[in-house]
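Peer 1: Quick one: this structure, given as structure tokens, is what I'll be asking you about.
Throughout, read-outs are computed from the coordinates displayed, never taken from laboratory work. Everything numeric in this text was worked out from a predicted model, so none of it was measured. Positions of Cβ are generated from backbone atoms using ideal geometry, with glycine treated the same way; all protein chains shown enter the neighbour counts.
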Amino acid sequence: MERLTFDQAVELFRLYCRSKGLAPRTVETYMFALEGLREFLAQRCDPPELPQTRDLRAYIAHMLDRSLSRGTIRVRMRSIRGLL
């Protein structure tokens, strides 16, 4: 069985969100969070792979280094959790 790329997983998640009838603003928030993660992962390997636990921890540290609030980080990680 072939492993999904990050971009393929995001597209499947987008279709899932649409099929569930989520509000457009909710889907937009999810996609914004996933794009931030994609950019972070792309710095480590291109094309980005699905993140491992260590990648997510590094991403949280990266967001903290950028002085994002813990509330913002929680919202972004909740969005990312939906993908995984």
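Peer 1: Pairs of Cα atoms under 8 Å, at least six residues apart: use those to get the relative contact order of the chain, whole percent.
Peer 2: Details: 43 pairs, mean separation 34.8, N = 84.
Taking the mean separation of contacting Cα pairs over the length of the chain, I get 41 percent.
Peer 1: Right, here's the next one. Out of residues 5 or more away from residue 68 or on other chains, whose amide H comes under 5 Å of its own, with H placed 1.01 Å from N in the peptide plane?
Peer 2: Distant-sequence amide H within range of residue 68: zero hits.
Peer 1: For the chain, with only Lys/Arg (+1) and Asp/Glu (-1) charged at the beta-carbon, what is the dipole magnitude about the Cα centre, in debye rounded to 20? Could you put the intermediate results ahead of the total?
Peer 2: Values: 15 positive and 10 negative charges, 104 e Å.
Computed charge dipole of the chain: roughly 500 debye.
Peer 1: Find the eigenvalues of the gyration tensor of the Cα atoms of region 6-83, then list the square roots of 5 times those eigenvalues as equivalent ellipsoid semi-axes, largest first, in whole angstrom. Before the final figure, lay out the partial values.
Peer 2: Details: eigenvalues 87, 52, 16 Å².
Ellipsoid half-lengths, sorted descending, are 21, 16, 9 Å.
Peer 1: Now, a different point. Counting only the backbone N, which residues of region 1-39 are under 15 Å from the spot 7 Å out from the Cα of residue 65 toward its beta-carbon?
Peer 2: 37, 39
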